[in-house]
Every structure is written in structure tokens, then in C-alpha cells.
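Undergrad: Take this structure first; my questions come after.
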Amino acid sequence: MAEYLIHEHDVLIIGAGGAGLRAAVEASAAGVEVAVISKSLLGKAHTVMAEGGIAAAMANVDDRDNWRVHFADTMRGGQYLSNWRMAELHAKEAPARVRELEAWGALFDRTNDGRILQRNFGGHRYPRLAHVGDRTGLEMIRTLQDQGVHLGFDVFMEHTIVKLLKDGERIAGAFGYDRERGRFHLFRAKAVVLATGGIGRAYTITSNSWEYTGDGHSLAYHAGAALMDMEFVQFHPTGMIWPPSVRGILVTEGVRGEGGVLRNRNGERFMFKDIPLLYVNQTANSEEEGWRYTQGDKDAKRPPELLTRDHVARCIRREVREGRGSPHGGVFLDIAWIKERIPNAVEHIKKKLPSMYHQFKQLADIDITQEPMEVGPTTHYMMGGVRVDADSQMSDVPGLFAAGECAAGLHGANRLGGNSLSDLLVFGQRAGGYAATFSQKNSLGDVDTAELRSAENWALQPFERKGSENPYAVQHRLQETMQELVGIVRQEDEMLRALDCIRDLRSARERVSVDGNREYNAGWHTALDLYHLLTVSEIVTKAALQRKESRGAHFRDDFPEKDKQFGLFNIAVRKGANGAMQFSHEAIPPMRQDLQQIIEEMK
Amino acid sequence: MATATFRIWRGDKAQGQFRDYNAEVAAGMVVLDVVHQIQMEQAGDLAVRWNCKAGRCGSCSAEINGMPKLMCMTRLNTLALDKPVTIEPMKAFPHLKDLVTDVSWNYKVKQLIPKFKPRPADAPDGTWRIAQEDVERVQEFRKCIECYLCQDVCHVLREHKMQEQFIGPRFLVHVAALEMHPLDVGDRLKDLRTQFGIGLCNITKCCTKVCPEGIAITDNAIIPLKERVVDRFFDPLSKLFRVFTATKT
Ligand SMILES: Cc1cc2nc3c(=O)[nH]c(=O)nc-3n(C[C@H](O)[C@H](O)[C@H](O)COP(=O)(O)OP(=O)(O)OC[C@H]3O[C@@H](n4cnc5c(N)ncnc54)[C@H](O)[C@@H]3O)c2cc1C
Ligand code: SF4
Ligand code: SF4
Ligand code: FES
């Protein structure tokens with residue numbers, strides 16, 4: 001007999017980052033019973049790490065900005081694979097969502113006339129990112145958390161969901177364990193919102209934490225929902241590379257927004273060498289013009305360092321490969337140089353980029369106000385995710401919603417910096433609202449106890465097996481496989497090799513055994529997370545094999561050009577009746593006329 | 001590559017002891033790297049909290065050679081490696097397992113503190129105008145990553161176990177952030193004096209010394225709050241004045 005604790009709610013939200021908390025606030029406000037679950041403690045989700053800011057066309061700094069420009073920027077950044085309805089809603093609603101945070105106590109940096117200050121970021125035409133120095137995510141998550149604790153929803157911290165439960169076609173709840181004691185829990189709910197974040201732990205070099213094992217993606221997939229755009233993994237161009245132990249930790253794009261420049265070992269501003277066609281009209285012609293842009297000159301165009309992330313990451317890779325890299329295999333990012341241009345640059349840098357200053361000082365013995373940083377690409381963000389309805393965020397499974405990084409649609413082939421935090425707010429709010437409505441119209445579904453028993457048995461296997469595999473080692477092998485074979489630059493034979501490795505690792509996972517008991521056992525948790533990580537790794541690789549072109553974050557050495565035909569659909573995957581992965585090409589619906597026109601105007 | 005010994009607290013609620021692990025150390029490593037390495041190679045079930053590995057989330061608090069610190073921001077080259085480095089869980093909270101403690105009390109305390117209450121919007125667009133210099137003071141408090149290291153060292157909580165009477169430095173910082181917020185019109189001074197127990201703090205400044213965010217907890221948060229409490233409740237003149245004007249101190 002399965003032994004577990006039972007909880008019942010109207011809406012169950014899996015994930016307590018920006019998306020999950022915003023959804024919880026909304027659903028609670030609708031008057032339904034809400035529970036939020038997270039693998040870590042409350043307030044420690046990935047959102048807390050976000051640095052640069054929240055994109056919203058408030059036009060506080062440049063009055064030429066409006067939702068239309070933001071919409072066009074997002075579509076261009078996503079290489080026109082984004083769901084245009086989501087891009088429209090996002091651009092229109094983000095400003096209100098940011099102001100709402102202020103009304104809940106968030107304190108953003110200010111303009112001279114006392115409004116919310118906005119900064120430049122890659123791919124955004126005008127200064128658009130509301131921010132608090134370089135700790136915007138902390139401000140956001142704390143504001144939502146503090147707002148939330150007074151609303152009375154239940155929070156289950158350090159609980160991990162291992163399976164979604166259905167009653168026929170519709171969602172019925174979720175099954176998981178608590179980390180503290182390893183007890184099992186059944187969460188019954190009328191609606192479930194996935195807000196589980198990304199998959200960055202599938203790679204060795206990543207800015208992501210242990211939590212990012214693609215759980216939400218995999219849970220939804222196994223529950224029968226479609227995933228989409230899974231070939232698009234964002235590699236952020238600037239991660240730390242030295243010393244080895246900090247490899248992958250993010251260096252915010254804000255450094256470049258504040259005037260930081262990229263140079264190779266010869267001191268050359270190599271970003272000027274290769275400017276993509278889509279962006280020639282928007283890029284500075286000279287270093288001088290680029291500098292003026294970062295200082296707020298409205299007539300200047302942005303420096304090439306602020307081109308989209310996919311492009312900057314590949315340029316860095318090229319410099320390194322062609323022997324022009326820095327001593328530890330990256331390039332130089334220099335903000336210290338601005339002292340040639342402005343008085344008290346040292347103070348200015350410390351004030352605008354305090355966390356970066358500390359991070360380098362403490363972890364790398366580098367004073368960024370005096371010397372350049374060494375940086376290189378790091379796995380950062382998952383554009384792909386659960387395929388959802390643009391307005392309601394509901395997946396193919398009735399009652400199952402998804403928002404934030406684990407949902408697909410807004411970012412297409414490449415996400416613009418700052419567009420994630422705004423995504424969390426806009427679609428977290430929508431998912432929470434629609435999930436509450438769904439729960440008001442439906443009753444609790446039934447749960448199959450046999451299914452619970454088998455989930456429990458499955459989860460306990462690593463204790464019972466006397467296998468030879470160490471869960472950490474298997475995870476590590478998977479990370480190396482993805483890093484080397486399905487990374488920034490891909491090609492068919494390598495990806496086929498990756499699939500072979502993944503198959504071997506799948507069987508290795510079945511031999512994984514763990515020591516100790518069920519209480520706070522990190523090895524056990526890693527063993528269970530592996531299942532999800534393997535599922536998403538396989539999907540990423542297979543989707544990447546199918547997209548025989550280069551677009552946005554997905555670059556194929558064997559198909560280095562963009563192919564018009566591939567711009568007409570998104571690649572989706574579902575679990576077939578026989579359990580096999582079924583891929584399909586989902587045609588992108590024709591864009592509404594008025595939106596089409598905006599795109600034309602902004603070209 | 002050099003090796004060093006790490007003496008890590010192992011055990012659960014019922015019992016525990018230090019166990020020594022030898023690990024290889026390389027340039028640039030932090031304590032959390034070593035803990036992960038030991039977890040991966042020698043002690044698969046070792047319990048430890050972490051997320052960001054960059055001093056931003058406040059998950060990895062522990063006591064390293066007796067000093068409360070973030071494991072992810074403590075470089076090995078700041079420690080003497082010729083003798084064992086001890087790594088223990090925080091002491092002010094109930095122990096769960098290995099390096100993990102039960103910090104749920106902190107979340108309960110937060111719930112007690114009356115939430116942010118803004119004055120009505122005063123700009124024509126339905127928002128507020130606030131000067132940068134007015135946000136800066138409070139931004140210092142809002143840098144808090146809730147690592148609870150300050151709670152861990154405060155003798156009122158650690159030695160005297162007065163969790164029922166005193167909310168601790170972290171939450172005095174939180175109250176300060178609310179009370180000094182340029183938009184807030186809430187009033188938490190009475191609570192500060194009574195159930196939050198601000199009087200129990202005798203300004204030893206131990207909390208300020210360990211704060212990884214460099215928040216001047218005592219000087220900028222606690223002392224100004226104490227002054228406000230004194231002004232309100234112990235200064236007869238201002239008390240009288242308040243009755244007539246009913247403004248916020
Ligand atoms: C260093 C860094 C800097 C960034 N800077 C910016 C920026 O400046 N601007 C921007 O727009 N974006 C930025 N991003 C991206 C952005 O922060 C993330 O995409 C975003 O925070 C994701 O939010 P989320 O709510 O979707 O998920 P998260 O905040 O990651 O939350 C996921 C939640 O799901 C929970 N969870 C996961 N799996 C399970 C499970 N199986 N059971 C129970 N709970 C589960 C986790 O515990 C967690 O609570 C940055 C990212 C990083 C890493
Ligand atoms: S200054 Fe006050 S709050 Fe801080 S440690 Fe000392 S007694 Fe505790
Ligand atoms: S005030 Fe400082 S020491 Fe205390 S919880 Fe916050 S960050 Fe940690
Ligand atoms: S892991 Fe986030 S502060 Fe150390």
C-alpha cells in the first residue's frame with residue numbers, strides 16, 4: 001500500500017520563481033485555494049539571480065518607445081518564430097505589471113524626474129529595462145514573496161514533484177516527495193500551473209543552479225502535453241571562465257549596456273567585424289557612436305556588443321577558435337576603459353554594477369574598475385517549453401497551465417535580455433487567473449491509486465538497487481555529452497553520437513544506486529532528477545537534428561544559413577501512444593494584419 | 001595538486017559527529033566546490049543547500065572554522081589548509097541533517113510583520129515620483145539575500161533562544177526597509193517595541209560583521225528604529241505632539 005500525505009487545493013502551482021509566485025498572487029486574489037511548491041526554499045528560485053532588468057515599454061527614458069516597438073524587437077529577436085499573440089500581449093501588458101510591482105513595494109532605480117529608470121539591453125531599440133542596480137531579480141522575487149505571504153496561500157518548500165496525475169484527459173494533481181524526510185505527498189487539484197524554469201543543468205558550463213533539470217518540461221511531456229521549440233537553447237555570451245570553479249557564472253549584459261566593450265587578445269573590438277543583415281540599420285558605425293548610445297544619445301545607434309546573444313556568443317567562439325582568445329580561452333570584457341570618458345568612473349561602475357564588482361573581486365581577484373574581465377559563453381536559458389494557448393497559457397492537457405521559462409512561445413529562436421522577467425509577470429498573471437477560473441468551473445478529478453503505487457516504487461528503486469552507477473557521475477557524463485555535441489555550434493554526426501550516448505546513459509540511470517536513507521539525501525534527489533534531464537536532453541537533440549538550418553540560438557555548421565522554409569513552422573514533440581517521441585511541424589498561423597504592419601514599419 | 005582535510009558535520013536531528021574528508025584542492029576553489037566534490041566522490045547523501053553559487057540567493061550559509069559564512073563565497077585561499085577546515089551547520093536553528101538546518105521560523109516571523117502600505121499615487125499617470133536619493137537608503141536594506149547569518153550570530157537568538165520575543169536582525173532590517181520606504185504609510189513602531197522585541201538588541205554589532213551583503217544592520221537599520229521607538233514612546237513631548245497631529249514619526 002502506498003503511503004503518502006494528501007493535500008487538496010483548487011490551484012496547484014509547481015514552482016516559486018517569478019512566474020509561480022505571480023500566478024499564485026493572481027489565483028489567490030480570485031478567491032480560490034492555492035498551493036505553491038518549490039524544490040528550494042521560498043525566495044531562492046532562479047529568479048533571484050536575475051541581474052539586468054525587466055523589459056517594459058514604459059518610455060520613461062526615451063519617449064519614442066511604446067508597445068509596438070517592443071513587439072517588433074521581440075519578434076525580430078525571436079527570428080519570427082515567436083507566437084505573435086504572446087509577443088503582443090507581453091509588450092502591451094509588461095508596463096502595467098512593472099508598475100504593479102512598485103505598488104507592492106519594489107524600489108527601482110529612478111530617472112532624474114523621479115520615474116522608474118530604464119537601461120539599454122541587447123536587441124531592445126530603446127532603453128527599456130526597469131532595474132535595481134544589477135540585482136533586479138532579487139527585488140522582484142522578494143516583492144512577490146512578501147506580497148504573497150500575506151495572501152494566505154499554502155507554500156510547500158523543499159518539495160519535489162515527480163509525476164503529474166490525470167483523470168482521463170484532464171489534470172488531477174501531482175505526486176512528489178519532501179526533501180526533509182523523504183515522505184511522499186499527493187497533491188490533488190482542479191488546475192495545475194507549471195512554473196518550473198529551465199534545463200541548464202543538461203550542460204557542463206551553465207549559469208543555472210541544480211534546480212534546472214527540466215522537470216516541468218519532462219512532467220508535461222510525460223503527461224501528454226506538447227513541447228515546442230526545444231532546439232533553441234540560449235548560450236549567454238558572457239559567463240565567467242576563470243578560475244575553473246566559477247566557470248559559467250553569469251556576467252550581466254548590463255556591463256555592456258553601461259558601456260563595456262569586448263576585445264580579443266589583440267585589443268580589437270571584434271564585434272564590429274560581423275553585423276547580421278537584420279540589424280545593420282540599427283548598429284553603430286563607429287566606436288564613438290556606440291559609446292554615445294550607451295550614454296543616452298538618442299541619435300546614436302547601439303554598439304555591436306549589444307547585438308542579440310546568439311550572435312555575440314558565436315563571435316566570441318570564433319575569436320577563440322581562430323586563436324585570438326584570452327589566456328583562459330575566452331575574450332576580454334572591459335568596463336574599466338570608461339574612465340577615459342567619464343569622471344569618477346570607479347564610483348560609477350561600483351554603483352551601477354555592484355554585484356559584478358563583488359563577484360569578480362571575491363571570486364577571481366579581479367577589480368573590474370581597473371582591469372578587463374575574461375568571459376566566454378555559458379548555457380543560460382531555454383526558449384523551448386510547454387506549448388500553450390497564448391491568452392490563457394493552458395497546454396494541450398485540460399487544466400494544465402505553464403508559464404515562465406518552462407513555457408514556449410514568446411521568445412521563438414532567441415530571447416532578448418530582460419524579456420524573461422517581464423514574461424514571468426505577464427504570463428504568470430495570466431496563467432494564475434485562467435487557472436483559477438478553470439478551477440471554479442471544474443471539480444476535483446479522481447486519482448488512480450495504482451498509479452501512485454507505481455510512482456512510489458519507481459522513486460524508491462535507487463535505494464533498492466545494488467547497481468554500480470553513481471548518480472552524480474551519470475549526470476556529469478550527460479552534461480559533457482550535451483556540452484560537446486549539442487552546444488553552440490551543432491552538426492548532424494555529432495548529434496547522432498549524442499543520441500547514442502544518451503541511450504547508454506538511460507540504461508546507466510537504471511543501474512544508479514544511492515546510499516543512506518530518505519532524509520535530505522542529495523544523491524537520491526539527483527538520481528530522480530536524472531530522469532527528467534535525460535528526457536529533455538533527448539528532445540533537445542532530436543529537435544536540433546530536425547532543424548536543418550541556422551536560426552537564432554540554433555546554429556548548424558552543416559547548414560549555416562537561414563532557410564525560409566524552416567521559418568514557417570515550430571517543431572513540436574508529443575509522447576506517442578507507444579511511448580515514442582513524436583515530432584511534428586506546427587505551421588505558424590498568419591500574423592494579424594495590424595501586427596504585420598508594425599513589423600514592416602519597424603524594419 | 002594539493003590535498004587538504006575538511007572536517008564536516010554529519011548526522012541528523014538525533015545525533016551527529018564530525019567526519020574528516022580529504023579532498024584535492026585547486027586554484028580559485030570555494031568551500032562549496034569542495035563540499036560538492038566530496039558529495040560526488042565520497043558521501044553521496046551529504047545534505048547541503050545551494051542555488052546560485054554566486055552569493056545571490058543566500059542558501060549556502062554555514063559555519064566555516066567557526067565563522068558564519070556563505071560557502072559559495074569563501075575562497076579556500078582565505079583559509080589555513082595545513083590543518084582541517086571545519087564546516088558545520090548554523091547553530092541558531094534546529095538541525096535537520098548534515099549542513100542543513102530548519103530555518104522555517106524565519107518565514108513565520110516575516111508573516112508577522114505588517115506589509116507594505118503605500119500612500120495613494122500622486123502623479124497624474126497613477127504612479128509616484130520618487131527621487132533616486134530617497135530610494136538609496138532603503139535599497140541598502142533590500143539587498144538582503146535572507147541568508148540568516150545575522151540571525152545565526154545574534155546572541156539573543158543563538159544563546160538566549162528568545163525566538164518568541166525577538167525577530168532578530170534580519171527582520172529589523174526588513175522593518176526598517178518598510179518604515180523608511182518613501183511610499184510607505186504603515187506603522188510598525190508599536191510592534192517593534194512589543195512583539196518584535198527591539199529592546200532586546202544591545203547593539204553588539206555581531207550581525208553587521210557577518211552580513212555578506214555589507215548591510216550596516218546596526219548603524220543604519222536598528223539604531224534609527226530604536227530612536228524612532230524612543231521618540232514615540234518615551235519622549236513625553238513628542239507623544240503629546242503626536243496626539244494632536246497624528247502624523248507618522
Ligand atoms: C544569472 C541569471 C541572470 C539572469 N538575468 C536576467 C535578467 O536580467 N532579465 C531577465 O529577464 N531574465 C534574466 N534571467 C533569466 C530569468 O531569471 C529566468 O528565466 C527566470 O527567472 C525564470 O523564472 P521562472 O519563474 O520561470 O522559474 P524559476 O525562478 O527558476 O523558478 C522555478 C521554480 O520551480 C521549482 N521547481 C522546479 N522543478 C520542480 C519540481 N519538480 N517540483 C517542485 N518545484 C519545482 C523550483 O524550485 C523553483 O521554485 C537570468 C537568469 C540567470 C540564471
Ligand atoms: S547588534 Fe543587536 S541584533 Fe545585532 S547581533 Fe547584536 S544584539 Fe543581535
Ligand atoms: S541582513 Fe545580511 S546577514 Fe542578515 S539575512 Fe540579510 S543578507 Fe544575510
Ligand atoms: S549558493 Fe547562493 S549564496 Fe551561496
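Undergrad: Please state the shape class of the range A:132-287: rounded when a/c is under 1.5, otherwise prolate if a/b exceeds b/c and oblate if not, all from the C-alpha gyration tensor.
TA: It is prolate, given that a/c is not under 1.5 and a/b is the larger ratio.
Undergrad: Moving on to the next point. How compact and how long is the range A:461-603, expressed as Rg and Dmax of its alpha-carbon atoms in Å?
TA: 19.8, 65
Undergrad: With a ≥ b ≥ c taken as the square roots of the eigenvalues of the C-alpha gyration tensor of the range B:104-245, please select rounded if a/c is under 1.5 and otherwise prolate if a/b is larger than b/c or oblate if it is not?
TA: Taking the square roots of the gyration eigenvalues as a ≥ b ≥ c, the range B:104-245 is oblate.
Undergrad: How big is the gap, in Å, between the Cα center of the range A:502-524 and the Cα center of the range B:80-98?
TA: Comparing the Cα centres of the range A:502-524 and the range B:80-98, I get a distance of 27 Å.
Undergrad: A further question on this structure: Bins of 5 Å, beginning at zero and ending with the bin holding the largest distance: percent of Cα pairs per bin for the range B:74-186, please.
TA: All Cα pairs, binned at 5 Å, distribute as 2, 10, 15, 16, 15, 13, 10, 8, 6, 4, 2, 1, 0, 0 percent.
Undergrad: Within 10 Å, count the other beta carbons around each residue, average over each peptide in A:309-320, A:227-238, and list them highest first.
TA: Those peptides, ordered most packed to least, come out A:227-238, A:309-320.
Undergrad: Right, next: Is it possible to state the helix-based mean residue ellipticity at 222 nm for the protein assembly as shown, with each DSSP H run of 4+ residues giving -39500 (n - 2.57), the sum divided by total residues, to the nearest 500 deg cm²/dmol? What is it?
TA: That calculation yields -10500 deg cm²/dmol at 222 nm.
Undergrad: In whole Å and largest first, what semi-axes does the C-alpha gyration tensor of the range A:9-132 yield when each eigenvalue is scaled by 5 and square-rooted?
TA: 27, 18, 14
Undergrad: Continuing with this model, one more query. Of B:Ile222, B:Ile130, B:Ile113, which has the largest mean-square fluctuation in a 10 Å C-alpha GNM of chain B?
TA: B:Ile130
Undergrad: Have a look at B:Thr74, B:Thr208, B:Thr127 and tell me which one the Gaussian network model of chain B (Cα, springs below 10 Å) gives the largest fluctuation.
TA: Top of the fluctuation ranking is B:Thr127.
Undergrad: Sort B:Tyr148, A:Tyr357 from largest to smallest accessible area, using a 1.4 Å probe on the heavy atoms of the protein chains.
TA: Ranked list, largest accessible area first: A:Tyr357, B:Tyr148.
Undergrad: State the dimensionless ratio Rg/Rh of the range B:2-101 (Rg: radius of gyration of Cα atoms; Rh: Kirkwood radius).
TA: 0.92
Undergrad: Give A:Lys163/A:Lys542; B:Lys117/B:Lys190; A:Lys39/B:Lys91; B:Lys53/B:Lys108; A:Lys351/B:Lys115; A:Lys92/A:Lys190 a once-over and call out the pairs whose C-alpha atoms are over 21 Å from each other.
TA: A:Lys163/A:Lys542; A:Lys39/B:Lys91; B:Lys53/B:Lys108; A:Lys351/B:Lys115; A:Lys92/A:Lys190
Undergrad: If we restrict to alpha carbons, what Rg and Dmax does the range A:535-603 come to, in Å?
TA: 15.2, 48
Undergrad: Per residue in the range A:353-379, which ones lose no less than 20 Å² of accessible surface when going from chain alone to all protein chains (1.4 Å probe)?
TA: So the qualifying set is A:Gln359, A:Gln362, A:Leu363, A:Asp365.
Undergrad: Here's a follow-up. Can you tell me which of B:Cys72, B:Cys52, B:Cys154 moves the most in a GNM of chain B? Springs connect C-alpha atoms under 10 Å apart.
TA: Between B:Cys72, B:Cys52, B:Cys154, it is B:Cys52 that shows the largest mean-square fluctuation.
Undergrad: If you don't mind, another one. Give me D for the protein assembly as shown in µm² s⁻¹, whole number, from Stokes-Einstein with Rh from the Kirkwood sum over alpha-carbon pairs, 37 °C and 0.692 mPa s.
TA: Translational diffusion coefficient: 119 µm²/s.
Undergrad: First compute the accessible area of the protein assembly as shown with a 1.4 Å probe, then give the percent of it belonging to carbon and sulfur atoms.
TA: Of all accessible area on the protein assembly as shown, carbon and sulfur atoms account for 50 percent.
Undergrad: At 1.4 Å probe size, with every protein chain present, just tell me what the per residue accessible area of the protein assembly as shown comes to in Å².
TA: Each residue of the protein assembly as shown exposes 36 Å² on average to a 1.4 Å probe.
Undergrad: I'd like the orientation of helix A:67-77 relative to chain A: the angle between its Cα long axis and the longest Cα principal axis, in ° from 0 to 90, rounded to 10.
TA: 80 degrees
Undergrad: With heavy atoms of protein chains only and a 1.4 Å probe, what residues of the range A:42-56 have at least 30 Å² less accessible area in the full set of chains than alone?
TA: Buried on complex formation: A:Lys44, A:Val48, A:Met49.
Undergrad: What total accessible surface area, summed over both chains, is buried at the interface between chains B and A, computed with a 1.4 Å probe and given in Å² to the nearest 100?
TA: 4900 Å²
Undergrad: Take chain B, drop everything but the C-alpha atoms, weight them equally and run the Debye formula without solvent; then report log10 I(q)/I(0) at 0.09 Å⁻¹ to two decimals.
TA: Here log10 of I(q) over I(0) equals -0.48.
Undergrad: Now for a different question. Once you sort the root eigenvalues of the Cα gyration tensor of the range A:237-379 as a ≥ b ≥ c, which label holds: rounded (a/c under 1.5), prolate (a/b larger than b/c) or oblate (the other case)?
TA: Oblate shape, in that a/c is at least 1.5 and b/c is the bigger or equal ratio.
Undergrad: How much of the DSSP beta bridge set in the protein assembly as shown is antiparallel, as a percent to the nearest 5?
TA: 70 percent
Undergrad: Let me ask another. Name the long-range amide H neighbours of A:Gly173: under 5 Å, sequence gap of 5 or more, or other chain; modelled H, no Pro or chain starts.
TA: A:Leu165, A:Ala189
Undergrad: Which residues' amide hydrogens lie under 5 Å from the amide hydrogen of B:Phe18, considering only partners 5 or more residues apart or on another chain, with H built in the peptide plane?
TA: So B:Phe18 has HN proximity to B:Arg10.
Undergrad: For A:98-110, what's the mean count of beta carbons from other chains sitting within 10 Å of each residue's beta carbon?
TA: 5
Undergrad: Taking Cα centroids, how far is the range A:446-466 from the range A:1-46 in Å?
TA: Value for the Cα centre distance between the two parts: 23 Å.
Undergrad: Give, as a single signed number, the net charge of other residues whose beta carbon lies under 15 Å from the beta carbon of A:Asn285, with Lys and Arg counted +1 and Asp and Glu -1.
TA: Spelling it out: positives minus negatives among the neighbours equals -2.
Undergrad: Between the range B:7-28 and the range A:354-421, what's the alpha-carbon centroid distance in Å?
TA: 34 Å
The values are calculated or read from the model by the stated rules, or taken from the named source; none is laboratory data. Because the structure is predicted, anything quoted here is derived from the model rather than measured. Because the Cβ atoms are built from the backbone with ideal geometry, glycine has one as well, and the counts that use them run over all protein chains shown. Surface accessibility is based on the protein's heavy atoms, side chains included, excluding ligands, DNA and RNA. Shrake-Rupley method; radii C 1.70, N 1.55, O 1.52, S 1.80 Å.
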